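Here is the structure we will look at.
The values are calculated or read from the model by the stated rules, or taken from the named source; none is laboratory data. Keep in mind that this is a model prediction, so the values were computed, not measured. Note that we place each Cβ from the backbone using ideal geometry, even for glycine, and neighbour counts take in every protein chain shown.
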Amino acid sequence: MPGERGGKGWLRSICCYCGTGCGILAQARDGVVTKVKGDPDHPVNRGRLCAKGALLPAIFESEDRLLRPAIRESKGGALAPASWDEAIDRVAGAIRSAVEQHGPHSVMLYGSGQFHTEDYYLFGKLAKGYIGTNNQDTNSRLCMASTVAAYNLAFGSDSPPASFADIEQANTFLILGANIEACHPILFDRIKARKRRGGDDVRVIVVDPRRTRTAEIADLYLPVKPGTDVALLQSLLFEVRLAGGLDEAFIAEHTNSWDEVAASLAGWSAERAADLTGLAAQEIVDAARIIASNGPVLTLWTMGASQSTSGVDKNLALINLSLATGNIGRPGAGPFSLTGQPNAMGGREAGGLAPTLPGHRLVADAQDRADVEAAWGVAPGSIASLPGVTASEMVEALERGELKVVWVAATNPVASLPNSERVRAAFAKAELVVVQDAYHPTETGELADVLLPAAQWSERTGTMTNSERRICLLEAVGEAPGEALPDWQIISRVAAALGYAEAFSYGDVEEIFAEYREFTRGQDLDITGVSYELLRASSSGVQWPLPEGGRELPRLFEGAAFATPDGRARFHVPTYREPDDALTEGYPLSLVTGRVKDQWHTMTRTGSVPKLNKSEVEPVVEIHPADARPLGIRNGRPLRVSSRRGSFQARARVDRTVRPGTVWAPFHWGALHHVGGPVNAVTNEAFDPRSKQPELKFAAVRVEPL
């Protein structure tokens, strides 16, 4: 059997949680996955799995699977079972009516990093090429958009330059706004192993307002004040220059605009940054000296840098630090953003974001539009020239009545977007809400006018790309229950009902991959040398680019040939600004949200796994004793957290994990899982003007005991 490994019945797959992309061997009985184990031949995890991955068979025991389509006959009416034909006709009819009466931009398609790349590609083909709207976005907007913008600005392409193999070759790790122990456990194990082997030669710097378990392995822990990362990074570069850590030759030969950044460093001494960041000046100097002298340096970050109204500036400041010290395109070095979802990268590649088209093309580029229109066989001008509505802009567009039909697939925006009560009210204004999911109920599914049951992990075949650009094939190990279908088949059925059957007639998912692959030809992510046959034969997948007749590039920009017109990387001056939500006497504390190790996103999948629920049975609010004591807040007692937008309730965890003036809460528990309300009831919907990524990592709040 193709892809078979480890004995009879074992098939290769990839874990469906974080962007690490751990290899899995799975076995099914009677169409249901009953056993999983880590793939010992996969280079990412070498047989190891975290608890979420090891307990994947338990997700098939959930009673919340969506097994057949359902329709509301009228707004506010009850959902009633329906046939697939009835449900598809309802969706297609609403889209057709909205386009005829209000134009194509009255329709929006919102996808997910749980999609396979083939699903992403078809969603975009239908939206941008045939419906005629660029209102297609993905929940990666909430986690990766600032990084995408920064990579494009600095390198000329959305190209993460490093690989996980650089972990074993790095001497210094700069980890900023990333709790890798909880969010990417297998990578954390690799960092710990590197530190053990390297001894005193390997140094770890962790920047985070919360002392996480990631920070426990740090040689230097910097409890930065939330929202001040640009100030810290500018100061680090200032002090690195003083310490003689610049790679002058690399800057001169392979970059542009260094002089502007050098001029912007004036006044960013450690002493000035200390006042803004809440750190000691000597801590900043010590970190800079490690970076200057203990290379190669691997810089790792996640949402702590990106979920901000200045997220692009924070990403650019991190990239500047790597460029200025020559820590790019070399073993053990690079600016490396870790993705939060298993196929966030695949969505970026296939054109899943509102401004993009397949193969890292842009809707704003006339030639890109023309190339895609020709390949899809649609008339010139079919693809709109303006970027569509993003996830962050979707709520206001619904409130204004501009969006009439919203089709949500494999995600739960009512729980995951900031200011959740506003999101709920906005979705209720749509003429038709379509929710395509493997589970029901969800917070978003409760508002659906049409429910479409989708196959989930291991029940359909397709490809995903992890954080290090590694493309792997996920085999269909089990069978979808009830009437659930793979996402690509649902999209194709809607397209056919809209009159586009010929353009969406595929015998299998491999045909979709072959069509998408041609869009990468000659692009920075060229994968014309990749096929399902190659992926089935490989125990490790392949890293892009892999052009036809070419070889893999585990590390990009070796030789420093960047994707800019002149081949040079571009420095950009980052702007320091305060977070959007101002601290005041009425809202004196900074709320930072994050993940716990054994839950995932809005708990649609993990919330039904008993063993995972034992580690954290409910959300907590971590608060420093110095803040708790004057308020009369006691450990384990309930409290209320309120912002300018709303409030939620949870139990207090009083300890010194978070810095004074800051509180922390996990975002997983939505309205369906927690009677105290969702954490996102208080978070801020303001977003970065360039990336449109919301500022989920800072909300001004007050806390009071109940």
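Selection over region 557-588 of residues that are among the hydroxyl-bearing types (Ser, Thr, Tyr) and buried (at least 20 other Cβ atoms within 10 Å of the Cβ) gives a count of 1.
Look through region 528-539, keep the residues that are of a type in the set (A, V, I, L, M) and outside any loop (DSSP other than H, G, I, E, B), and return whichever of them is nearest to residue 350 (Cα to Cα). Once the filter is applied, the top-ranked residue is 535. Could you please let me know if residue 518 is within 30 Å of residue 167 (Cβ to Cβ), touching a Ser or Thr at 6+ places or on another chain (Cβ under 8 Å), in contact (Cβ under 8 Å) with a residue 60 or more places away in the chain and of a type in the set (Asp, Glu)? When the stated conditions are applied, residue 518 does not pass them. Keeping to region 608-641, report how many residues are modelled with pLDDT of 95 or more, small (Gly, Ala, Ser) and in a helix (DSSP H, G or I). Of the residues in region 608-641, 2 are modelled with pLDDT of 95 or more, small (Gly, Ala, Ser) and in a helix (DSSP H, G or I). Taken over region 338-396, the residue count meeting the criterion of being crowded, with 24+ Cβ neighbours inside 10 Å, out of contact with any helix residue (DSSP H, G or I) (no Cβ under 8 Å at 6 or more places or on another chain) and part of a helix (DSSP H, G or I) is 1. Of all the numbered requirements in (1) under 21 Å from residue 207 (Cα atoms); (2) surrounded by fewer than 16 Cβ atoms within 10 Å (Cβ to Cβ); (3) β-branched (Val, Ile, Thr), residue 623 misses one, and that requirement is (2).
Does region 423-436 include one or more residues that are basic (Lys, Arg) and either assigned to a loop (DSSP other than H, G, I, E, B) or free of Cβ contacts under 8 Å to residues at least 12 places away in the same chain (or both)?
Yes: region 423-436 contains one or more residues that are basic (Lys, Arg) and either assigned to a loop (DSSP other than H, G, I, E, B) or free of Cβ contacts under 8 Å to residues at least 12 places away in the same chain (or both).
Being over 19 Å from the mean Cα position of the chain (by Cα), in the same structural domain as residue 186 (by TED's automatic domain parsing) and of a type in the set (Val, Ile, Thr) holds for only one residue in 328, 319, and it is 328. Per the conditions (1) in a loop (DSSP other than H, G, I, E, B); (2) under 24 Å from residue 82 (Cα atoms), the sole criterion not satisfied by residue 525 is (2). If you go through region 589-601 one residue at a time, do you hit one that is under 30 Å from residue 18 (Cβ atoms), crowded, with 21+ Cβ neighbours inside 10 Å, in contact (Cβ under 8 Å) with a residue 40 or more places away in the chain and among the basic types (Lys, Arg)? The answer is no; no qualifying residue exists. Residue check: residue 671 meets all listed conditions (1) in a loop (DSSP other than H, G, I, E, B); (2) at pLDDT 95 or above but one, namely (2).
Select from region 72-87 the residues that are of a type in the set (A, V, I, L, M) and out of contact with any Pro (no Cβ under 8 Å at 6 or more places or on another chain) and list them in ascending order. Those that are of a type in the set (A, V, I, L, M) and out of contact with any Pro (no Cβ under 8 Å at 6 or more places or on another chain): 78, 79, 80. Scoring residue 462 on the criteria (1) more than 23 Å from the chain's Cα centre (by Cα); (2) more than 18 Å from residue 139 (Cα to Cα); (3) in contact (Cβ under 8 Å) with a residue 24 or more places away in the chain leaves a single failure, condition (1).
Criterion applied to 95, 59 was being touching a residue at least 12 places away in the same chain (Cβ under 8 Å), part of a helix (DSSP H, G or I) and more than 30 Å from residue 405 (Cα to Cα), and the one residue passing it is 59. For the criterion of being touching a Gly at 6+ places or on another chain (Cβ under 9 Å) and not in a strand (DSSP E or B), residue 151 fails.
Cβ-Cβ distances below 8 Å connect the following pairs, each with a first residue in region 214-228 that is at positive phi and assigned to a loop (DSSP other than H, G, I, E, B), a second residue that is charged (D, E, K, R) and surrounded by fewer than 21 Cβ atoms within 10 Å (Cβ to Cβ), and a separation of six or more residues or different chains: 227/578. Restricting region 469-511 to residues that are assigned to a helix (DSSP H, G or I) and touching a Ser or Thr at 6+ places or on another chain (Cβ under 7 Å), the residue that is nearest to residue 27 (Cα to Cα) is 509.
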